[in-house]
Amino acid sequence: MRKFTIEPEEYEKIVAAEKATQDKKTSRKLRALMLRYEGLSNIEAANRLGLGRVRVSQLVSEYKKNGLASFLENKYKGNNRNMTEAEELEILERFRKKAEAGQVVVVKDIKATFDEKLGRDTGRGYIYMLLKRHGWRKIMPRSKHSKKANEEAIEASKKLRES
């Protein structure tokens, strides 16, 4: 005899939730419940979904204990930033004024300011993502291409084209 059974009304709610979800992990969990309702054993359901036998049993147990809402809620929240957007803008505004005044603004200086404000070292990646998030970009192109031929090679090329 099965320890946990899923009622037909619950099954209909699970099917509707599975159709509505965009998350692959949530969808797989809900499909495990659906397969158990349809009469498959834990091993059969696990093989179809690429899960472990014990995991299928855990999912059914979790569903019975916490309900459908626990499957559908996203436990991972976004916005893991170190500061609010207003604080970021406040710091960037100082550098924007420098840039508008014609001074060169370097990422190293921005990073140092953010490190000082946070009281710890932030990675360069964080600063570049922050600049992208606020619409900053490199405006001034480099003065010359690093692989540009020297003047003699350019002149020699011109002479070859003429003949």
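Computed values, structure above
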read-out	value
Qualifying positions in the range 99-116 - at pLDDT 90 or above and open to solvent by 50 Å² or more (accessible area, probe 1.4 Å)	Lys108, Asp109, Ala112, Glu116
Total residues in the range 39-53, condition in a helix (DSSP H, G or I) and more than 20 Å from Lys65 (Cβ to Cβ)	5
Of all residues in the range 117-126 being open to solvent by 60 Å² or more (accessible area, probe 1.4 Å) and part of a helix (DSSP H, G or I), the one that is modelled with the highest pLDDT	Lys117
Residues (open to solvent by less than 100 Å² (accessible area, probe 1.4 Å), at pLDDT 85 or above and under 30 Å from Arg94 (Cα atoms)) located in the range 127-163	Ile127, Leu130, Leu131, Arg133, His134, Gly135, Trp136
Hey, Arg96 open to solvent by 70 Å² or more (accessible area, probe 1.4 Å) and touching a Leu at 6+ places or on another chain (Cβ under 7 Å) or not	no
Test: residue in the range 23-38 that is exposed (fewer than 15 other Cβ atoms within 10 Å of the Cβ) and farther than 19 Å from Ser70 by Cα	yes
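The values are calculated or read from the model by the stated rules, or taken from the named source; none is laboratory data. These figures come from a predicted structure and were not determined experimentally. Ideal geometry is used to build each Cβ from the backbone, glycine not excepted, and the neighbour counts take in all protein chains shown. Heads up: the accessible areas ignore ligands, DNA and RNA and are worked out on the full protein's heavy atoms, side chains in. Shrake-Rupley method; radii C 1.70, N 1.55, O 1.52, S 1.80 Å.
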